[in-house]
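Working notes, beginning with the structure itself.
The values are calculated or read from the model by the stated rules, or taken from the named source; none is laboratory data. All values reported here derive from a predicted model rather than from experimental measurement. Cβ: placed from backbone, ideal geometry, glycine included. Neighbour counts: every protein chain shown.
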Amino acid sequence: MEITTKDFGMGATLISLTNKKGVQISFTNLGARVVEWQKEGKHLILGFDSAKEYLEKDSYPGATIGRTAGRIKDGLIEFSQKAVQLTQNDGKQTLHGGADSFNSKLWLYEIIEKPDKASVKFSLVSNDGENGYPGRMEVSVTHSFDEENNWEIFYEASSDKDTVFNPTGHVYFNLNGDASIPVENHELQLAASRFVPLKDKSEIVRGDIVDLRNSPLDFRTGKSLSEALHSDLEQIVLVGGIDHPFLLDEVNLEKEQARLTLGETSISVYTDQPSIVIFTANFGDLGTIYHDKAQAHHGGITFECQVSPGSQQIPELGDISLKAGEIYQATSIYRLNSK
Ligand code: FUC
């Protein structure tokens, strides 16, 4: 593996790993994020060219999201018979851990080389009470890349007080290699028979879990994203696309849970988490510039592996509480398959 580092601006560093197949992936300590993944010069993901662009345009693309991914209704969490108020940064809700969270912090990093893969281990201390969350937390996120084109994200964390924790990774794929082309021409396969509907435009959960089989959101056997995105399904119309948690039929890191395909290139998603939030970049005509191209509506798609947002309202979704001294671990893998 060839490893290079360079200045990314604003005190951040860009670390690039290139394997023997010539596939390159780059990370930065600003947000412990993936910045670029490319094969033969073609972008597979959305990313900016400098730290400054992330801080000025959008600090979520490719970032580590925490402490809790997605929306927490009214910024209110209840656990261990206590109610805790978090800072609200999305109307009344707390989104992606509140303002200035993991995605915009400068993390420490360490490069680890092994015979078969290279890793960048990012680490951060999140102070007790940060954005209202209890507990001083030590968090690490290790991004690894190997010769078989597997990009793995391994999360490890602990807190000195009982708290909640539910991080994710916020990479947007667009296999067109161009943010101005919608991902509607991609095919999606997804091993989920149920999803979590949203209540209204605030995007908090409605409170139920719905069987999606034989609906426009049924991707179990694979179909074009266009078919779903242009359907008149009320949940799709509500948010202008997909921005929903899908509940995986089987929690199993060994199983291919999702596959995104365009022509001869595809990305397989593996995770030990129970759900994947899929967001099809429903940004309308916002037109954020990525590498000189204005992003189209549906100009990207995320696979945010996590416990589904809304577990405070729907306990069946899972438990995001973390006891003092307990070790949190999670793994997600994105694999590039191509000729
Ligand atoms: C995703 C979505 C949200 C939000 C954010 C930037 O995770 O679920 O709606 O727009 O990203």
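With respect to the conditions (1) buried (at least 19 other Cβ atoms within 10 Å of the Cβ); (2) under 29 Å from ILE204 (Cβ atoms), THR142 lacks only one, and its number is (2).
Beta carbons closer than 7 Å, at least 6 apart along the sequence or on distinct chains, pair a first residue in the stretch 51-80 that is at negative phi with a second that is more than 13 Å from the ligand (Cβ to nearest atom) and at pLDDT below 95 for LEU76/ALA83.
If you scan the stretch 254-295, which residues turn out to be within 16 Å of the ligand (Cβ to nearest atom) and more than 14 Å from the chain's Cα centre (by Cα)? Write out each step before concluding.
So in the stretch 254-295, the residues within 16 Å of the ligand (Cβ to nearest atom) come out as 258, 269, 271, 273, 275-288, 290, 295.
The answer is ASN282, PHE283, GLY284, ASP285, LEU286, GLY287, THR288, TYR290, GLN295.
Applying a threshold of 8 Å to beta carbon distances and a minimum spacing of six or more residues, or different chains, the list of pairs starting in the stretch 25-41 at a residue that is surrounded by 24 or more Cβ atoms within 10 Å (Cβ to Cβ) and modelled with pLDDT under 95 and ending at one that is acidic (Asp, Glu) and assigned to a loop (DSSP other than H, G, I, E, B) is empty.
Looking across the stretch 42-77 at every residue that is more than 16 Å from the ligand (Cβ to nearest atom) and buried (at least 23 other Cβ atoms within 10 Å of the Cβ), the one that is farthest from HIS96 (Cα to Cα) is identified as LEU44. If you go through the stretch 1-24 and pick out every residue that is free of Cβ contacts under 8 Å to residues at least 24 places away in the same chain and either within 16 Å of the chain's Cα centre (by Cα) or at positive phi (or both), you end up with 1.
The set of residues in the stretch 89-105 that are away from the ligand (no atom under 11 Å from the Cβ) and crowded, with 24+ Cβ neighbours inside 10 Å comprises THR94, GLY97, SER101, PHE102.
Within the stretch 229-253, can you find the residues that are within 16 Å of the ligand (Cβ to nearest atom), without any contact (Cβ under 8 Å) to a residue 60 or more places away in the chain and of a type outside the set (Val, Ile, Thr)?
As a first pass, look at the stretch 229-253 and keep what is within 16 Å of the ligand (Cβ to nearest atom): 229, 235-247.
Now drop any that are not without any contact (Cβ under 8 Å) to a residue 60 or more places away in the chain, which leaves 235-244, 246.
Passing the criteria: GLN235, LEU238, GLY240, GLY241, ASP243, HIS244, PHE246.
Within the stretch 208-226, residues that are under 17 Å from LEU260 (Cα atoms) reach partners that are modelled with pLDDT of 95 or more and aromatic (Phe, Trp, Tyr) with beta carbons closer than 8 Å, at six or more positions or on different chains, in the pairs LEU217/PHE195; LEU217/PHE246. Filtered by the rule that a residue be within 23 Å of SER123 (Cβ to Cβ) and of a type in the set (D, E, K, R), the stretch 30-89 gives ARG33, GLU36, ARG67.
Mind checking which residues of the stretch 228-237 are farther than 19 Å from ILE276 by Cβ and not in a loop (DSSP other than H, G, I, E, B)?
Step one: list which residues in the stretch 228-237 are farther than 19 Å from ILE276 by Cβ, which gives 230-232, 234, 237.
Matches in the stretch 228-237: GLU234, VAL237.
Sort out which residues of the stretch 177-219 are away from the ligand (no atom under 16 Å from the Cβ) and out of contact with any strand residue (DSSP E or B) (no Cβ under 7 Å at 6 or more places or on another chain), and write them in order of number. Answer for the stretch 177-219, where residues must be away from the ligand (no atom under 16 Å from the Cβ) and out of contact with any strand residue (DSSP E or B) (no Cβ under 7 Å at 6 or more places or on another chain): ILE181, PRO182, GLU184, GLY207, ASP208, ASN214, SER215, PRO216, ASP218.
For the stretch 313-332, filtering for residues that are crowded, with 19+ Cβ neighbours inside 10 Å and more than 16 Å from the ligand (Cβ to nearest atom) leaves 2.
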